[in-house]
Amino acid sequence: MSRKRLVVIGAGMASGRALEQLFATEPDGWHVTLFNAEPRGSYNRIMLSPVLSGEKSFDQIITHDADWYGQHGVTCRFGERVTAIDTQARTVTGTKGTVAYDKLLIATGSDPFVIPLPGHDLAGVIAYRDADDTRRMIDAAAQPGARAVVIGGGLLGLEAAAGMRARGMAVTVVHLPGHLMERQLDPAAGELLCHALEDKGITVRLGANSAEIIGKDGHVRALRLADGTEIPCDLLVMAVGIRPNVALATHAGLAVGRGIEVDDQMRTSHPDVLAIGECVEHRGALFGLVAPLYDQARVAAQTLMGQPAAFLQKTLATKLKVTGCDLFSTGDFEAGDGREDIVFRDPGRGIYKRLVIERDRLIGAVMYGDTADGNWFFGLIRDGTDISAMRETLIFGPAYQGGTQPDPSAAVAALPHDADTGGCNGTVRRTLSAWGLGSTDPRTTSPRNVA
Ligand SMILES: Cc1cc2nc3c(=O)[nH]c(=O)nc-3n(C[C@H](O)[C@H](O)[C@H](O)COP(=O)(O)OP(=O)(O)OC[C@H]3O[C@@H](n4cnc5c(N)ncnc54)[C@H](O)[C@@H]3O)c2cc1C
């Protein structure tokens, strides 16, 4: 039987996993051509931050290199960008030529969003997405007295800031919202994180609106804020979000919304074209974390092999890797009708935990300083567990559940002296003992209370 021709666009985390699955089951079923705009094979992109901070080398995070692909008979076209897909002729055209396919897998990931500020095209203004960006930050940090500005106080921006700081750079994070990581954290946890970063020598400017990037001789020299403040820098990293990379699919006439639209089998609007990873939109959702992309990769491989499989969206959790700050966030913690909060604060030890409950189900959890129970809370959310029986001791974690009747007094007695439970409106130990953990309205949360 002749091998089917599979063309893959993008050698990222999603396609690497899909090919692994495909070769594990049908090692001789396919002839694969793999295009990658980056001049290399696949690596663990999420480990770029430990590479930046110096905890790992780039070689340690390579997952599938040219040798691995070669062993599986893959024709690698690394460093070659695909410029067009013709779904009628079933061909893909790269900068060095055209290849025919029976099946096509698009896995082009995302493009970092660049704010079109005056000066955004100066040398020394970069995003944080790939191995080359990481190399530029490492090289800049090697210059004596080098200074960096990071625009964006989200997960990626803070990892860039922490990594460069670990290499000795003077780093300022400029963030427009009033607290860091506002998509994952509430203001109280954001404030704790801010203090921890400042303790590491990172300057954080919140509520700061970037107005212009100033250059000298074609190279970045400073960031000017809307209030006129100038922050000098030799490198400016924009980490303000990503956009699914859909240009090829759009030009090929595939259905594209915010991402390339796919069904539960990861098929696009053309049955011979599949898509996976950050470039896709599935049932209205976009994806920016690896866990669902691996599920998509498995489903795409099964679809290619004619096996039944369906991609299901799941609850996800976020952790910070390199800042040295323990942080865990999962689920939904927006304020809403019928939602209640359980909050635990221990400012002395820098611990903050917040659980959000709706109709006797845990729907969100934020933990800062002590994230040991994060996976347990994550499981309760994922499984939709009814928590009514353990509500009063829930925030103390699995150790207080067991088979016995929960005893909130015992849990409170076990707390350190300066620990505080309840809302930021000052619910204290005594209240907890008498009433159990009360609910609080997150809208009353005052970050100052936990500083
Ligand atoms: C620094 C950093 C830290 C992260 N940390 C985490 C984390 O802790 N946890 C987590 O879950 N996620 C994290 N992420 C996100 C995670 O890395 C991504 O979700 C994941 O890599 C996306 O995989 P993908 O295969 O869709 O795209 P990618 O891995 O981006 O791969 C896409 C590939 O397609 C190539 N390509 C694009 N267009 C073309 C074209 N026209 N022709 C040929 N090739 C093309 C690109 O060059 C790229 O190599 C992090 C991301 C970064 C950048």
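Taking the conditions exactly as written (touching a Ser or Thr at 6+ places or on another chain (Cβ under 7 Å) and within 16 Å of the ligand (Cβ to nearest atom)), does residue 293 satisfy them or not?
Criteria not met by residue 293.
Could you list, in sequence order, the residues of the range 23-39 that are touching a Phe, Trp or Tyr at 6+ places or on another chain (Cβ under 6 Å) and more than 7 Å from the ligand (Cβ to nearest atom)?
39
Tell me, yes or no, whether the range 89-102 has at least one residue that is surrounded by 15 or more Cβ atoms within 10 Å (Cβ to Cβ), over 27 Å from residue 292 (Cα atoms), more than 13 Å from the ligand (Cβ to nearest atom) and modelled with pLDDT of 95 or more.
Scanning the range 89-102, I find at least one residue that is surrounded by 15 or more Cβ atoms within 10 Å (Cβ to Cβ), over 27 Å from residue 292 (Cα atoms), more than 13 Å from the ligand (Cβ to nearest atom) and modelled with pLDDT of 95 or more, so the answer is yes.
For the range 103-202, which strands (runs of 3 or more DSSP E) that fit wholly inside it have 1 or more residues that are among the polar types (S, T, N, Q)? Write out each step before concluding.
Working: elements: 103-106, 110-112, 125-127, 147-151, 170-175.
Those strands (runs of 3 or more DSSP E) span 110-112, 170-175.
Against the conditions (1) part of a loop (DSSP other than H, G, I, E, B); (2) of a type in the set (Gly, Ala, Ser); (3) not assigned by TED's automatic domain parsing to the domain that holds residue 94, where does residue 211 fall short? Just the number, please.
Residue 211 satisfies every listed condition except (1).
Could you identify the single residue in 306, 253, 277 that is under 16 Å from the mean Cα position of the chain (by Cα) and among the small types (Gly, Ala, Ser)?
Result of the check over 306, 253, 277: 277.
Taking the conditions exactly as written (of a type in the set (Val, Ile, Thr) and modelled with pLDDT under 90), does residue 330 satisfy them or not? Reasoning before the result, please.
Values: of a type in the set (Val, Ile, Thr): yes; modelled with pLDDT under 90: yes.
Yes: the conditions hold for residue 330.
For the range 2-22, which positions are in contact with an Asp or Glu (Cβ under 9 Å, 6 or more places away or on another chain) and more than 11 Å from the ligand (Cβ to nearest atom)?
3, 4, 5, 6 - these are the residues of the range 2-22 that are in contact with an Asp or Glu (Cβ under 9 Å, 6 or more places away or on another chain) and more than 11 Å from the ligand (Cβ to nearest atom).
Yes or no: the range 46-64 includes at least one residue that is buried (at least 22 other Cβ atoms within 10 Å of the Cβ), out of contact with any helix residue (DSSP H, G or I) (no Cβ under 8 Å at 6 or more places or on another chain) and in contact (Cβ under 8 Å) with a residue 24 or more places away in the chain.
No - not one qualifying residue is present in the range 46-64.
Return the only residue of 373, 383 being of a type in the set (D, E, K, R) and touching a strand residue (DSSP E or B) at 6+ places or on another chain (Cβ under 8 Å).
From the options 373, 383, the qualifying one is 373.
Does any residue of the range 309-330 turn out to be within 26 Å of residue 9 (Cα to Cα), assigned to a strand (DSSP E or B) and within 10 Å of the ligand (Cβ to nearest atom)?
no
The values are calculated or read from the model by the stated rules, or taken from the named source; none is laboratory data. Model, not experiment: these values are computed from the prediction. Counting neighbours? That spans all protein chains shown, and the Cβs are built from the backbone with ideal geometry, glycine included.
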